[in-house]
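Please treat every number below as a calculation from the coordinates, not as lab data. It should be emphasised that the depicted structure is a prediction, and the values quoted were computed from it without experimental measurement. Methodologically, a virtual Cβ is constructed for each residue, glycine included, from the backbone with ideal geometry; neighbour enumeration extends over all protein chains shown.
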Amino acid sequence: MSPLLWALNIAHVLLGLAMLLSIWRTVYGPRAQDRVLALDTLYVNGMLLVLTLGIRTGTTHYFEVALAIALMGFVSTVALAKFLMRGEVIE
C-alpha cells in the first residue's frame, strides 16, 4: 500500500472520530453557542471527509459535493448566529 493510501486511511479515521466528538458536543453542549460551534465543526469535518474520499477515488464529483457542503454550512452558521444574537433570522 502506498504512503498516500495510509495517510488517507488515517485521515478518515481521525475525521470520523472528530465528527463523533462534534456530535457529542452538539447533543450535550451546555449553551446554544457551543452547539452552533459544534455544528460548524461537524460540517467542516464532513466536507474534509468528502474531499479525502475524492482524493482517494480520483474523481472530481466529490469536490463539487464538498463545495455544496461548504456553502450550505456557511449559510446555516450565519443564520444560526443571527438567530442567537437577534432572536430572528429574517427581518
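With R₀ set to 41 Å, the beta-carbon distance separating ARG56 from LEU84 gives a calculated FRET efficiency near 0.65. For the pair ALA32 and ILE10, the difference between a 0.36 nm per residue extended length and the Cα-Cα distance amounts to 4.8 nm.
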